[in-house]
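The values are calculated or read from the model by the stated rules, or taken from the named source; none is laboratory data. Keep in mind that what you see is a predicted model, and the values were worked out from it rather than measured. Cβ coordinates were reconstructed from backbone atoms using ideal geometry, including for glycine residues, and neighbour counts include every protein chain displayed. The area values use the complete protein model at the heavy-atom level, side chains included, leaving out ligands, DNA and RNA. Shrake-Rupley method; radii C 1.70, N 1.55, O 1.52, S 1.80 Å.
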Amino acid sequence: MSSSVIYEAFWVGLKEALKAGLVWIVLFSFLQVIDRKKLSGFFLYGILLALICPLYVFTLPVTPQLKELISRSIDTSFALFFILSAFLLAHGSGMNLLGAIERAFGKTVIAAPVLLLLSALYFAPDFAGNSVFLMELAEVKESPAAVYISATAGIVFGLAAFYAARKKIRVDFIGSFFGLPQLFLFIAMIKLLGGGIKGFSGISLIPSVQTGFMKFFHDFVHQVFVILMVPDHPLLKTTAWNFIGILFGPNFSSVAALAALLAIPMLFLSHSFLGPVPEPEAETPADRRKIKGLFMSDRKRKAVSVLLFVIFIVVAWFSESGENISKLYIPKPRPVVEDKGTVMIPLKDPTMDVRDGALYKFSLSYRGEEMRILVIKKDDGKLSVCLDACEICPPRGYGQKQGFVVCIYCNTPIPVATLGQPGGCNPIPLHVLIDDNFIRIDVSEILQKWDYVKSGKGKESVK
Amino acid sequence: MAFIKLDSASKIYETAQALRGVDLEVEQGQWLNIVGPSGSGKSTLLNVIGGLDSLSSGNVVIDGAEITGLSEDAMAVFRRERIGFVFQQAHLIPYLNAVENVMLSQYFHSMSDEDEAIEALKRVGLGHRLTHRPSQLSGGEQQRVCIARALINSPKLLLADEPTGNLDRENTRIILELLKKLHQEEHFTIILVTHDPFVSQWGQRIITMEDGKIKCDEFICYL
Amino acid sequence: MVFFKKSISERKGRVAIASFAVVLAVTAITGLLGITVGIREKLGTELRAYGANIVVYTEAGAYLTEDFGARISAMSNVEEATSQLMANVVFENMSFESVGLDFQQIKGRGWRLSGNWPKEQGEILVGINLKSALKLEAGKRIKLVGQGNSGPGKEFLVAGFVEMGGNEDNAFILSLPDLWSITGLAPKVSAVLVRGMPGALDAVVANIKRDFKDVSVKTMRQVAVAEDLLLQKIQLLLALITIVVLFSASVSVASTMGATVLERRKEIGLMKAIGATKKEIGLFYKVEAVFIGLCGGIGGFIIGFAVIQAVSKGAFNSFVNIPFYIFGAAVSIGVAVSVFSSLIPVRGALKYNSAAILRGD
């Protein structure tokens, strides 16, 4: 056990060093080829700047909030690089979007700080995250020093490997594969592959884009249909909703997510392979052909990293899509009873604690009917208590997935943080009293709202 | 300065010495024929100039570039841009048709361009046999495809090793007329190896090789 | 690309031979990987067929009581718990295993059924292997007596036959009350099969151990470990075969490529003369090797897949699921073998002096 901790620490160090080394090589080669070698120093300063982050993190206690924050910033940092490269690729595939920016980047005064900042943004979240991971490892191990020494050894080893290989690296050759967008895309991909921190973050790109899409489609289509549709129309009500359900489903959104991620790289690729080739001026047809050939082969080289990215995304999509989405946690409702007009839900008993962040459901049998209540702790520490039903869909209830509760009927993800808001596909909030031991709810409150759900009046009222 | 300059070029094979200190200068645009008995070193001389063979000592400068020390791959790059070859045997790829054989040379040079290849074949009078395979072409036609292929990348130097060795007189004449026409139009340098006195009369200069040395060097009237 | 396509289509025979060698290699590898992955999944099928991932039981001979099941199913993170009783019954003076359980709970859990699900007490299922051995048919009434019990036994209606690739195929499957009534074991059960929330299994195991003394609790994984040992031996054997086949396939591809290259010496010489570098000529042959590898890889995967299914059908009486990535692995290995074994002959060919070749001797 203890030796595996040491290995993991070493691995974390090694991984960070390899990643930094790889990015450095690519960036340096690129700068060499465009003859802006001087800029490369600012990348190193950026790494130094990023190092402030773990130094600060080491002074903090490891909390779930901290981990969540870091995990988010890793995703965000990836997204930043991806979006940047997408813009630049769009620029490269014929839409001259960024001429002004390109000119600005030609000036060292502008390029240097941008590079510095980007490099810091690139490394800071990863460094911080790995620091947290090391701190956690250190807690397991009797002698924390060993963990840190091992991690340092990993870093040293990784850097030494690059140092040893520096003569073998053909800077011009590597550099010929990269333009600015490819550079960004490639290092974004390195981040995606090696940026995750063992323990609490992996490649969450596809599912998170997918969830975003699901939410978007749901809100959008709901609005459209609320405006266009007569909800009481018996035929539309069932068939149409079933059909529209496809749009909210994981299949559609995962395809949409794939399309969104691939659209611009594919545009670029098609431009690289099929785009028009300028007819050069030359003395002989052979010379003309040569210039054209060089142009085309350069264009194809520049497409390599984009192609890699596309393949990577497709593979990730196949292996991940649906996986995280379908893992919906649906707890079994625990029975509760009504006593003198009040339902009392214990906050804690030997088998559970509703404040542990998981979704809890309780069922109340009353007047021969079963009504469900859901309880979940929000990020801010408050408990959210709602009916396990919304105003629109049939009351199938909700499941939990990552930071969302998901409507089982229509697959809409609702961020846990927004629970308590009424309307739409949100679970219907209940007015409750919470003391040290119990959640107290008025039965009449539950009854009135459950009746409202059952009657399907919600759909009418949105009209 | 001369376009081609050989400086005491020697080539020693395991069993024989093919070149013994040859000094030679060829001007740009000149048509030079090399004659001599077999084993006199004329083919070796041609291959050395084309970089297919390397010298044992001495050096070769072509178009201002010293090719003696070049690596095999660097020589290949030099060759595809500046030199065209025609051999005694046609050496066409059997499963490719005429146009594709020409395009192969374009491909290694830079990129293939079908229209240009077709144009080149029309110029050697094969506009009607574009999609025929080598086996469907006569010897003379095959050799004309080879000429089109050799000239497709606009080389400055054409090296021909017994290009008419396998042809009858009629076809030999066609080939030579064609070379003459292209030479006059495009002014590339030709070095042609032959043992046929009829062929050697075409051109501007004849050198006679014997025993690895230049025995005789004469300028003739360009036909 | 045209050059390449034509060069392949002109030499179909050679390409086919080389591809065939790769097919053999990839078949062996697919077999190895598929059996490793697919059959590993088969292990612990018994539990999975009950939808369980934890089994609770006592040491041999002792029983749990039925209320264990109810109590366990009320625990947190437990989705379902099924009680099961194993006992021997006597049919026509022969002793057979029998399983008592709740038919409603196992319905539709991947059991292969011919006939009907029992609707009420008095109806039973019979393991498929007993069908022909005992000449039973659906709708037949048979009499079973509890072994070691003085009771008179009871008549049952055979509702159908089940097949799941486990012990149940050789047993009578009764409803729990029926088995109790003929064996007199009520309310005892042999084991409780529990479906815990994935990810919370350890917690469930800990809770059960805490709440119930003197029971053994195992996760499906632990049960599978024992069967794993057998699998490892099979794997070792397959690995040896694979190495041998891989080696011979490489030799075969190499010699085919060698012959090809020899035939094409003139081509190589000519390409050099018209200015192709060694790398570019090598690429020509590598692309061809990749093509052979792809063909062989895909073909080999298809055959390997069929072989695995045949083996599995024979050994486990059911088919296995082969995950998609095995296809990727198989094809990449095919390509790797093909490219790797073509390196040596091609490298040799590039050394020829093109002047000598082209002069025509």
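Can you give the calculated 222 nm mean residue ellipticity of chain C, where each DSSP H run of n ≥ 4 adds -39,500 (n - 2.57) and the sum is split over every residue, rounded to the nearest 500 deg cm²/dmol?
Calculated mean residue ellipticity at 222 nm is -18000 deg cm²/dmol.
How much of the accessible area of segment A:3-204, probe 1.4 Å, is carbon plus sulfur, in whole percent?
73
For chain B, find the longest principal axis of its Cα atoms and tell me its angle to the long axis of helix B:72-82, 0 to 90°, nearest 10.
60
If one takes the accessible area of chain C alone plus chain B alone and subtracts that of the pair, with a 1.4 Å probe, what total in Å², rounded to the nearest 100, results?
The buried area between C and B, both sides summed, comes to about 2600 Å².
Could you tell me which of A:VAL406, A:LEU347, A:TYR452 has its Cα farthest along the dipole of segment A:334-455 towards the positive end, charges placed at Cβ (Lys, Arg +1; Asp, Glu -1), taken about the Cα centre?
It is A:VAL406.
Counting other C-beta atoms within 10 Å, and keeping those with at most 10, which DSSP coil GluC sites (Glu not before Pro) do you find in segment B:7-84? All intermediate terms of the calculation are to be shown ahead of the outcome.
On the way: sites: B:GLU14, B:GLU25, B:GLU27, B:GLU66, B:GLU72, B:GLU81; in loops: B:GLU14, B:GLU27.
For GluC sites (Glu not before Pro) across segment B:7-84 that sit outside H, G, I, E and B with at most 10 neighbouring Cβ atoms in 10 Å, the list reads B:GLU14.
Let me check I have the definition right: for chain C, take the eigenvalues of the Cα gyration tensor, multiply each by 5, take square roots. What are those semi-axes in whole Å, largest first? All intermediate terms of the calculation are to be shown ahead of the outcome.
Values: eigenvalues 787, 94, 43 Å².
Its equivalent ellipsoid spans semi-axes of 63, 22, 15 Å.
About its Cα centre, what dipole magnitude does segment B:64-223 give when the only charges are +1 on Lys and Arg Cβ and -1 on Asp and Glu Cβ, stated in debye to the nearest 20?
In debye, rounded to 20, segment B:64-223 gives about 260.
Any chance you could list P(r) for segment A:3-204, counting all Cα-Cα pairs in 5 angstrom bins from zero, rounded to whole %?
Answer for segment A:3-204: a P(r) of 1, 7, 14, 19, 19, 15, 11, 7, 4, 2, 1, 0 percent.
Find the percent of Cα-Cα distances in segment A:334-455 that exceed 21 Å, and round it to a whole number.
32
Between segment C:201-220 and segment A:275-318, how many Å separate their Cα centres?
Cα centroid to Cα centroid, the span is 62 Å.
Using the crude model of +1 on Lys and Arg Cβ and -1 on Asp and Glu Cβ, and no other charge, please compute the dipole size for segment A:3-204 relative to its Cα centre, in debye to 20. Can you show the working numbers first?
Numbers: 16 positive and 11 negative charges, 142 e Å.
Once rounded to the nearest 20, the dipole reads 680 debye.
At a probe radius of 1.4 Å, figure out the B/A buried accessible area, summed over both chains, and give it in Å² to the nearest 100.
The summed interface area works out to 800 Å².
Scanning chain C for helices, which whole DSSP H stretches are 18 Å or more long along the axis (Cα) and average 0.5 or more by Kyte-Doolittle?
Values: long enough: C:12-34 (30 Å, 1.62); C:220-263 (59 Å, 1.35); C:278-316 (53 Å, 1.12); C:324-349 (38 Å, 1.62).
Taking the DSSP H segments of chain C (at least 18 Å long, mean hydropathy at least 0.5), we get C:12-34, C:220-263, C:278-316, C:324-349.
Does any residue of segment B:87-115 lose at least 40 Å² of accessible area with all protein chains in place compared with its chain alone, and if so which ones (probe 1.4 Å)?
Residues shielded by partner chains are B:PHE87, B:GLN89, B:HIS91, B:ILE93, B:TYR95, B:GLU100, B:LEU104, B:TYR107, B:PHE108, B:HIS109, B:SER110, B:MET111.
What number comes out for accessible area per residue over segment A:334-455 if the probe is 1.4 Å? Units Å², please.
Working: 5490 Å² over 122 residues.
Dividing the accessible area of segment A:334-455 by its residue count gives 45 Å².
If we restrict to alpha carbons, what Rg and Dmax does segment A:105-162 come to, in Å?
16.4, 53
Let me know the longest stretch in chain C that avoids all GluC sites (Glu not before Pro) found in a DSSP loop with at most 14 other C-beta atoms within 10 Å.
C:138-361
Number of Lys pairs in segment A:334-455 with C-alpha atoms less than 20 angstrom apart, excluding same-chain neighbours closer than eight positions?
14
When the Karplus curve 6.51 cos²θ - 1.76 cosθ + 1.60 is applied with θ = phi - 60°, which whole-Hz ³J(HN,Hα) does each residue of segment A:271-279 get, with x for Gly and Pro?
Result, rounded to whole Hz: 5, 5, 9, 10, x, x, 9, x, 7.
With viscosity set to 1.306 mPa s and temperature to 10 °C, compute the Stokes-Einstein D of segment C:130-198, Rh being the Kirkwood radius across alpha carbon pairs; µm²/s, no decimals.
Details: Rh = 13.9 Å.
Using the Kirkwood radius from Cα pairs, D works out to 114 µm²/s.
Tell me which of A:PRO125, A:PRO144, A:LEU84 sits at the most positive position along the dipole axis of segment A:3-204, charges placed on C-beta atoms (Lys, Arg +1; Asp, Glu -1).
Sorting the options by dipole projection puts first A:LEU84.
Please report the antiparallel percentage of the DSSP beta bridges confined to segment A:334-455, to the nearest 5.
Working: 33 of 36 bridges.
So the antiparallel bridges amount to about 90 percent of the total.
Take the alpha-carbon centre of segment C:6-36, take the same for segment C:133-160, and report the distance between them in whole Å.
55
Based on the Cβ-Cβ distance of A:GLU279 and C:ILE344, what FRET efficiency does E = 1/(1 + (r/R0)^6) give at R0 = 41 Å, to the nearest 0.05? It would help to have the intermediate numbers written out before the result.
Working: r = 44 Å, r/R0 = 1.07.
For R0 = 41 Å, the calculated efficiency reads 0.40.
With both partners inside chain B, how many of the DSSP beta bridges are antiparallel, as a percent to the nearest 5?
55
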